[in-house]
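The structure appears below as structure tokens.
The values are calculated or read from the model by the stated rules, or taken from the named source; none is laboratory data. Computed from a predicted structure; not experimentally measured. Positions of Cβ are backbone-derived with ideal geometry, glycine not excepted, and every protein chain shown enters the neighbour counts.
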Amino acid sequence: MYKLLNVDGRARRGEFKTVHGTIQTPVFMNVGTQGVVKGAVSTMDLNKIDCQVELSNTYHLHLRPGDENIKKMGGLHKFINWNKPILTDSGGFQIFSLSKFRKITEERVEFNSHLDGKKIFIGPEESMKIQSNLASTIAMAFDECIPNPSERSYVIDSVFRTTRWLKRCIAEMDRLNKMDDTINPNQLLFGINQGGVYSDIRIEHAKQISDLDLPGYAIGGLAVGETKEEMYHIIDEVVPYLPKHKPIYLMGVGTPENILESIYRGVDFFDCVLPARNGRHGQLFTSTGKINLINKKFELDDRPIDEKCSCEACENYSRAYIRHLFKSKEMLSMRLCVLHNLNFYNKLLEESRKAIELNQFSNFKNQKFREWGIH
């Protein structure tokens, strides 16, 4: 299922075979929270910019249009017209970040919908059922995303509960995958490592979940308030205790710099709303660093966003024109900039894969930082 093709230091070049195609790793998953990337980007667009994996949100799709409705439509792949892998998160992060009123018990979490205040109950079994209805390629285990900082005693209790929830997720997915009406009986489950910024708790949890021999593992609960140095330290500490023959996914991270530093430390999968969100506001990633296209200095700039980029925006339009679109509040401005940023991320990961194959990743990372003006 996961095959290591080369290892350069800790950086890993691999292939992850799924029922919906083989994922070349390291990989950046393009975030389509509600089954679409915000910014008027279609699945046809995603194919053009070499997106390998689309990520959708269990919580949001459960609320609207409803996972049962998506199942009636033939599953998420058919619903959004996408034939490559899809990863769905468990909904845990949204429950803990969007809901002001929630009650955690051993059985499940009780909370209020951020849309209409309706009371909702989701636990491991409910999360697996929703994700089975969506029929994603990879489902994430239901966990508690712990805010940083948190008291050590609370973190310990939470991690133990997350482990118990993971075992229930495994049992429920096994049951669902055997049912006759299941759309994707080959759905894969990734477990999630938690533990805040406590290295010893993280390591112990990594050991416990590694013993469960899942198809893949994620590092969760980072990029939620800790410093980047703390985040890198946790990755350094945890990765050696996760299975070397399974993919490792760093959830919700991050900037191009974060991603290269994490690949350097042995991470394979990434996702983040940053490229799309920044693009919708004219903040763009280029081969020479970040630019804010809204700035007046681009008013008469006839160059493309990035002269080294071959995306639709850079091939056809000037900085001045796209800035004009933003100033005129035209939707095309967002679409072009989101496409550019996602293309930048996808190409960066493609270049990273090639650098690892050549045993040149450390040099590649350092060269990129110099080009971006990062010291």
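When residue 132 is evaluated against the numbered criteria (1) within 26 Å of residue 194 (Cβ to Cβ); (2) over 18 Å from the mean Cα position of the chain (by Cα); (3) in contact (Cβ under 8 Å) with a residue 40 or more places away in the chain; (4) surrounded by fewer than 16 Cβ atoms within 10 Å (Cβ to Cβ), which criterion, by number, is the only one it fails?
Going through the list (1) within 26 Å of residue 194 (Cβ to Cβ); (2) over 18 Å from the mean Cα position of the chain (by Cα); (3) in contact (Cβ under 8 Å) with a residue 40 or more places away in the chain; (4) surrounded by fewer than 16 Cβ atoms within 10 Å (Cβ to Cβ), residue 132 breaks only (4).
Assess whether residue 206 counts as being surrounded by 15 or more Cβ atoms within 10 Å (Cβ to Cβ) and more than 22 Å from residue 123 (Cα to Cα).
The answer is no for residue 206.
Take residue 37 and decide whether it is closer than 17 Å to residue 312 by Cα and of a type outside the set (Lys, Arg).
So residue 37 passes the test.
Condition first: in contact with a Gly (Cβ under 8 Å, 6 or more places away or on another chain) and farther than 21 Å from residue 12 by Cβ. Can you find one or more residues in segment 251-259 that meet it?
Within segment 251-259, none of the residues are in contact with a Gly (Cβ under 8 Å, 6 or more places away or on another chain) and farther than 21 Å from residue 12 by Cβ.
Listed here are the residues, each with its yes/no results for (1) β-branched (Val, Ile, Thr); (2) surrounded by fewer than 16 Cβ atoms within 10 Å (Cβ to Cβ); (3) in the same structural domain as residue 207 (by TED's automatic domain parsing); (4) more than 25 Å from residue 79 (Cα to Cα).
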residue	(1), (2), (3), (4)
127	no, no, yes, no
137	yes, no, yes, no
157	no, yes, yes, yes
161	no, no, yes, yes
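Of the residues that make up segment 182-197, is at least one more than 28 Å from residue 288 (Cα to Cα), part of a helix (DSSP H, G or I), touching a strand residue (DSSP E or B) at 6+ places or on another chain (Cβ under 7 Å) and of a type outside the set (Lys, Arg)?
Within segment 182-197 (the criterion being more than 28 Å from residue 288 (Cα to Cα), part of a helix (DSSP H, G or I), touching a strand residue (DSSP E or B) at 6+ places or on another chain (Cβ under 7 Å) and of a type outside the set (Lys, Arg)), the answer is no, since none of the residues qualifies.
Within segment 334-345, is there a residue that is crowded, with 19+ Cβ neighbours inside 10 Å, in contact with a Gly (Cβ under 9 Å, 6 or more places away or on another chain), outside the structural domain of residue 14 (by TED's automatic domain parsing) and more than 23 Å from residue 37 (Cβ to Cβ)?
no
Hey, can you tell me all the residues within segment 241-274 that are closer than 15 Å to residue 138 by Cβ and either over 13 Å from the mean Cα position of the chain (by Cα) or aromatic (Phe, Trp, Tyr) (or both)?
Result: 246, 247, 249, 269, 270.
Can you say whether residue 365 is in a helix (DSSP H, G or I), farther than 29 Å from residue 54 by Cβ and basic (Lys, Arg), as far as the supplied structure shows?
No: the conditions fail for residue 365.
Considering segment 110-152 alone, what residues qualify as being aliphatic (A, V, I, L, M) and either part of a helix (DSSP H, G or I) or more than 25 Å from residue 249 (Cβ to Cβ) (or both)?
Across segment 110-152, the qualifying residues are 115, 120, 128, 130, 134.
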